[in-house]
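Here the structure comes first, spelled out in structure tokens, and everything after it is commentary.
The values are calculated or read from the model by the stated rules, or taken from the named source; none is laboratory data. What you see is a predicted model; the values in this text were computed from it and never measured. As a convention, Cβ positions derive from the backbone with ideal geometry for all residues, glycine included, and neighbour counts pool all protein chains shown.
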Amino acid sequence: MLNNFPLWPDQASTMASRVDALYIFLLLVTGAMALLVFACVAFFAARFRHRPGVRAEQIEGSNALEITWSAIPFLIFMAIFGWGAFVFFQERTPPADAAEVYVVAKQWMWKVEHAEGQREINELHVPVGRDVKLIMTSQDVIHSFYIPAFRIKQDVLPGRYTVEWFRATKPGVYHLFCAEYCGTQHSGMVGSIVVQQPADYEAWMNGASTGPLSASGEKIFAELGCSTCHRSDTQGRGPNLQGVFGKPVQLDDGRTVTADENYLRESILDPGSKRVKGFQPIMPTFQGLVSEEQVNDLVAYIKAISLSKPINGAKTSANRAVSGDSSDTEGQTPPLPSGSKVQ
Amino acid sequence: MQPTIPHPMIPQPVFPEAAEQKNYLNEKYGAWSWLMTTDHKRIALLYLLSITFFFFIGGFFALLIRLELLTPAGDLVQADTYNKLFTMHGMVMVFFFLIPSIPAVLGNFLVPMMIGAKDLAFPRINLLSWYLYIIGGALMMHCMLTGGVDTGWTFYTPFSTGFTNTKIVEAGIAIFIAGFSSILTGLNFVVTIHRMRAPGMTWSRLPLFIWAHYATSIIQLLGTPVIAITIVLVAAERALHLGIFDPKLGGDPLLFQHLFWFYSHPAVYIMILPSMGVITEIIACFSRKRIFGYHFVAFSSIAIAVFGFLVWAHHMFVAGISVYSALVFSFLSYAVALPSAIKVFNWTATLYKGSIHYDAPMLYAFGFLGLFTIGGLTGLFLSALGIDVHVTDTYFVVAHFHYIMVGGAVMGYLGGIHFWWPKISGRLYPEGWARLAALIVFIGFNLTFFPQFLLGYMGMPRRYYDYSHMPEFQILNVMSTAGATILGVGYLLPMVYLLWSMRRGKPASENPWNAAGLEWKTASPPPTFNFDEEPVVTWEAYNYDELDAPHKEEVPVAK
């Protein structure tokens with residue numbers, strides 16, 4: 001029975017041991033504080049229990065004691081705060097060269113797209129020892145992408161990207177939970193994180209590829225006619241998108257923003273809101289015309305032409321459909337856990 | 001002749017030996033005299049009956065939740081039913097039990113008496129607040145009986161505004177109306193405490209119960225309107241499709257969370273501050289001592305009320321706020337932890353060199369100290385950003401806030417009900433049964449909620465109907481359900497023996513505990529206007545030194 005009664009989740013990412021170290025520190029510190037209070041209460045309650053004829057001794061208070069038991073806990077609190085913030089910064093700062101995986105959440109499933117084109121549902125394959133950055137959005141309500149064995153969690157919101165990252169350290173299959181209540185089948189919105197040795201992962205990756213996201217994005221970019229205005233020279237009616245990702249952009253209203261994933265996404269779906277300086281408000285909105293997956297493809301494409309990295313496998317882009325949701329079940333999608341539904 | 005309370009379950013006490021003595025219970029008879037009363041003590045009893053009703057409704061939902069989680073598979077109820085159960089459990093317990101619990105019952109009964117006033121400043125508004133509560137409660141009952149709500153008590157958007165077909169607007173209106181009841185109670189207390197203190201009752205002679213209620217009232221006054229506005233905005237988006245929270249309509253879902261927690265975090269302090277006030281009175285009485293560091297305990301209540309408004313986004317560390325706002329809110333969360341810690345240390349120090357009695361109210365106070373300390377210390381885990389990312393939205397959070405709200409607030413509430421029961425009913429409760437109940441509640445509570453800390457760190461998310469993918473969580477869930485059963489017994493017991501004592505309990509003297517405080521210087525039960533003549537206060541709060549002075553005969557503590 002005890003085999004089935006673990007008290008500690010697996011440690012399967014670089015973050016897990018850091019979070020656990022802080023947790024153990026807190027257990028010790030708060031345990032000591034609790035023990036101190038309980039021991040005092042128990043001791044006083046026993047030692048000073050009512051005895052006939054013995055009166056309580058009235059004590060007004062003591063400023064010295066008050067300052068002591070305010071200052072010492074405050075210092076301890078600040079140590080906890082600092083350590084917690086330090087771990088949080090690491091959790092929230094994806095390494096620049098992390099492999100990118102796009103996640104689209106919907107009631108009640110996780111759709112995963114690797115930059116190389118592999119698609120999965122309610123599963124995510126990753127290799128040991130590689131930084132992986134998840135770029136996530138939701139098609140409907142708020143969800144939360146939670147991997148207890150990695151000690152990471154991030155809410156996934158409709159209408160914007162949120163990001164989380166990890167580096168897996170131990171091969172195995174780990175729980176993936178939706179941690180933000182999202183309706184009827186919230187508890188069915190679970191899946192598996194499959195951590196593999198690099199060789200196994202390569203084998204899995206080569207199983208079937210539909211071409212990288214950026215190649216799909218390039219195709220959509222052409223099909224939707226984006227390239228007529230966003231030309232690769234300075235003559236276009238829209239800004240040249242080469243090299244734009246990650247750079248500051250001067251806006252028409254005088255602000256400067258960084259062209260990150262969220263900015264690219266917003267500019268596709270709501271182009272008027274943050275218009276680049278010097279351009280007319282002529283771009284139509286693509287809200288409702290492109291699926292979340294297609295937005296991801298477009299963003300991946302714009303990033304690819306910005307980072308001057310060679311687009312891996314660009315030549316194989318032709319075999320991938322652009323027709324959105326119907327492609328969920330394509331390719332090497334693993335068998336679905338019972339109860340999940342593909343729409 | 002017997003007075004009629006508008007509730008068939010509670011028999012009215014008879015006072016054969018005090019038949020000629022008029023008090024607030026026998027001054028007038030008949031349902032009308034209760035429904036139209038402006039006496040703060042009668043209104044307190046009306047509240048007592050109503051919140052007890054809702055407590056058992058909410059408790060019934062909790063029991064069904066625990067039964068469903070006994071096995072990993074979803075087998076007792078449907079998924080949608082389960083989602084409604086935890087939603088209604090939360091809404092009923094938060095808005096219709098915990099928030100009104102101590103302020104509207106014990107606060108209503110005691111605030112005027114403790115400061116030497118005849119009634120609250122606005123007796124009719126006080127009655128109005130009960131009617132608003134009842135209208136809100138009736139609407140909530142109607143909402144639950146005709147389908148209910150499945151969003152969780154947190155109503156997160158855009159799920160609540162665009163993706164559920166349940167009765168959001170009706171539940172919203174019920175909470176909106178009950179919110180005004182809370183605002184009016186807060187308003188009444190603030191004005192009463194400022195304007196109606198008896199001669200000599202200076203601010204630094206006030207019982208700390210009054211300071212706690214003053215701080216609570218400020219939160220009720222300033223915070224509750226925000227939840228009312230938020231509910232209106234949710235209803236507007238749902239009914240009129242105004243784009244406020246749903247990104248599809250141009251809204252921002254995080255805006256809702258900011259507005260919601262701006263009220264709902266301080267609301268936690270509406271629940272716990274009055275309980276802290278009760279515990280302070282009990283510890284002073286049963287240690288026969290003045291409170292150690294009176295001013296620190298008093299001002300820590302105000303500090304909690306002020307800082308409580310500045311920490312709302314610690315519910316949102318993984319919701320998509322920036323790293324820097326997370327840092328600020330984490331820091332401020334430690335700032336609000338400090339006044340609570342100061343209170344615990346001062347209570348502990350009060351025991352030192354006391355003369356400690358182990359009566360049932362004191363057992364509840366000990367229980368409060370233990371459970372609130374655990375609840376508070378686990379709050380330090382949740383405020384630590386790196387750990388919160390892992391444990392937020394898991395059972396760790398569920399365990400933490402139950403330790404505060406049930407382990408803290410409900411222990412204080414039960415302790416207070418026992419402590420002032422002789423004053424309220426004019427009868428003594430059976431001490432042995434009461435001690436037994438306190439013990440059962442303490443054991444049941446820990447067995448229910450301690451395993452949930454472990455579950456949370458293991459990673460079990462909250463609001464999961466079915467955990468058949470992770471059967472390793474079952475043993476801890478079984479322990480929790482077993483504990484809940486014991487806890488249920490612990491809560492039913494006082495219901496039974498308190499009702500019994502109304503008829504059969506020994507008549508209580510004016511001051512059976514030989515306690516300090518003006519409420520003990522009038523008859524039990526008190527006359528309608530509390531005092532036969534206006535008291536003049538010439539002593540400090542908690543003058544147990546004088547009460548226990550050797551020239552007086554030692555008054556035996558009631559058994």
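Considering only region B:66-78, state which residues are buried (at least 19 other Cβ atoms within 10 Å of the Cβ) and either assigned to a helix (DSSP H, G or I) or in contact with a Leu (Cβ under 8 Å, 6 or more places away or on another chain) (or both).
If the condition is that a residue be buried (at least 19 other Cβ atoms within 10 Å of the Cβ) and either assigned to a helix (DSSP H, G or I) or in contact with a Leu (Cβ under 8 Å, 6 or more places away or on another chain) (or both), then B:ARG66, B:GLU68 are the ones that fit.
Would a scan of region B:398-410 turn up a residue that is facing chain A (nearest Cβ under 7 Å) and not small (Gly, Ala, Ser)?
Taking every residue of region B:398-410 in turn, none turns out to be facing chain A (nearest Cβ under 7 Å) and not small (Gly, Ala, Ser).
Quick one: would you say A:THR234 is away from chain B (no Cβ under 14 Å), buried (at least 18 other Cβ atoms within 10 Å of the Cβ), more than 17 Å from the chain's Cα centre (by Cα) and not in a helix (DSSP H, G or I)?
no
Just need a number here: residues in region B:295-323 that are crowded, with 24+ Cβ neighbours inside 10 Å and hydroxyl-bearing (Ser, Thr, Tyr).
The number of residues fulfilling the criteria is 2.
Answer yes or no: is there a residue in region A:60-70 that is within 7 Å of chain B (Cβ to nearest Cβ), aromatic (Phe, Trp, Tyr) and buried (at least 18 other Cβ atoms within 10 Å of the Cβ).
Scanning region A:60-70, I find at least one residue that is within 7 Å of chain B (Cβ to nearest Cβ), aromatic (Phe, Trp, Tyr) and buried (at least 18 other Cβ atoms within 10 Å of the Cβ), so the answer is yes.
Working carefully through the options A:LYS111, A:LYS133, find the one that is over 18 Å from A:GLN196 (Cα atoms) and in the same structural domain as A:LYS170 (by TED's automatic domain parsing).
A:LYS111
Could you list, in sequence order, the residues of region A:99-147 that are touching a helix residue (DSSP H, G or I) at 6+ places or on another chain (Cβ under 6 Å) and aromatic (Phe, Trp, Tyr)?
A:TYR102, A:TRP108 - these are the residues of region A:99-147 that are touching a helix residue (DSSP H, G or I) at 6+ places or on another chain (Cβ under 6 Å) and aromatic (Phe, Trp, Tyr).
If the Cβ limit is 9 Å and pairs must be 6+ apart or interchain, which residue in region B:119-135 that is among the charged types (D, E, K, R) pairs with which residue that is in a helix (DSSP H, G or I)?
From residues that are among the charged types (D, E, K, R), the pairs are B:ASP119/B:HIS40; B:ASP119/B:LYS41; B:ASP119/B:PRO112; B:ASP119/B:ASN126; B:ASP119/B:THR192.
Which is in contact with a Pro (Cβ under 7 Å, 6 or more places away or on another chain) and not in a strand (DSSP E or B), of A:PRO95, A:PRO9, A:PRO52, A:PRO73?
Unique residue meeting the criteria: A:PRO9.
Which one of these is more than 7 Å from chain A (Cβ to nearest Cβ), of a type in the set (Gly, Ala, Ser) and touching a residue at least 40 places away in the same chain (Cβ under 8 Å): B:ALA326, B:ALA319, B:ALA360, B:ALA337?
B:ALA360
With the checklist (1) among the acidic types (Asp, Glu); (2) more than 10 Å from chain A (Cβ to nearest Cβ); (3) surrounded by fewer than 24 Cβ atoms within 10 Å (Cβ to Cβ) in hand, flag the one item B:GLU281 doesn't pass.
Only one criterion in (1) among the acidic types (Asp, Glu); (2) more than 10 Å from chain A (Cβ to nearest Cβ); (3) surrounded by fewer than 24 Cβ atoms within 10 Å (Cβ to Cβ) is unmet by B:GLU281, namely (3).
Tally up the residues in region A:158-184 that are touching a Phe, Trp or Tyr at 6+ places or on another chain (Cβ under 9 Å), part of a strand (DSSP E or B), closer than 25 Å to B:ARG463 by Cβ and not aromatic (Phe, Trp, Tyr), please.
Qualifying residue count, region A:158-184: 5.
Does A:SER326 count as within 28 Å of A:LEU124 (Cβ to Cβ) and either assigned to a loop (DSSP other than H, G, I, E, B) or modelled with pLDDT under 85 (or both)?
Spelling it out, A:SER326 is indeed within 28 Å of A:LEU124 (Cβ to Cβ) and either assigned to a loop (DSSP other than H, G, I, E, B) or modelled with pLDDT under 85 (or both).
I'm checking my understanding of the structure. Among residues of region A:71-82 that are at the interface with chain B (Cβ under 7 Å from one of its Cβ atoms) and in contact (Cβ under 8 Å) with a residue 24 or more places away in the chain, which one is farthest from A:LEU26 (Cα to Cα)?
By that ranking, first place goes to A:PRO73.
Please specify each residue of region A:203-213 satisfying the condition of being free of Cβ contacts under 8 Å to residues at least 40 places away in the same chain and not in a loop (DSSP other than H, G, I, E, B).
A:ALA203
Counting just the residues of region A:237-256 that are without any contact (Cβ under 8 Å) to a residue 24 or more places away in the chain and more than 29 Å from the chain's Cα centre (by Cα), which one comes out surrounded by the fewest Cβ atoms within 10 Å (Cβ to Cβ)?
The extreme case among them is A:GLY254.
Select, from B:VAL389, B:VAL441, the only residue that is crowded, with 22+ Cβ neighbours inside 10 Å, within 14 Å of chain A (Cβ to nearest Cβ) and modelled with pLDDT of 95 or more.
Only one candidate passes the filter, namely B:VAL389.
Output the number of the condition that B:ALA138 fails; it satisfies all remaining conditions of (1) of a type in the set (A, V, I, L, M); (2) free of Cβ contacts under 8 Å to residues at least 40 places away in the same chain; (3) within 30 Å of A:TRP108 (Cβ to Cβ).
That leaves (3) as the condition not met.
Are any of the residues in region A:93-100 buried (at least 20 other Cβ atoms within 10 Å of the Cβ) and either at the interface with chain B (Cβ under 7 Å from one of its Cβ atoms) or over 27 Å from A:ASP131 (Cα atoms) (or both)?
no
Counting only residues that are out of contact with any Gly (no Cβ under 8 Å at 6 or more places or on another chain), among the hydrophobic types (A, V, I, L, M, F, W, C), touching a residue at least 24 places away in the same chain (Cβ under 8 Å) and under 24 Å from B:GLY375 (Cα atoms), how many does region A:6-54 have?
Residues flagged as out of contact with any Gly (no Cβ under 8 Å at 6 or more places or on another chain), among the hydrophobic types (A, V, I, L, M, F, W, C), touching a residue at least 24 places away in the same chain (Cβ under 8 Å) and under 24 Å from B:GLY375 (Cα atoms) within region A:6-54 amount to 4.
For region B:110-151, name all the residues that are among the small types (Gly, Ala, Ser), buried (at least 22 other Cβ atoms within 10 Å of the Cβ) and in a loop (DSSP other than H, G, I, E, B).
Residues satisfying the conditions are B:GLY116, B:ALA117.
Would you check if A:SER216 is part of a loop (DSSP other than H, G, I, E, B) and either within 14 Å of another protein chain (Cβ to nearest Cβ) or of a type in the set (Ser, Thr, Tyr) (or both)?
Taking the combined requirement at face value, the residue does not satisfy it.
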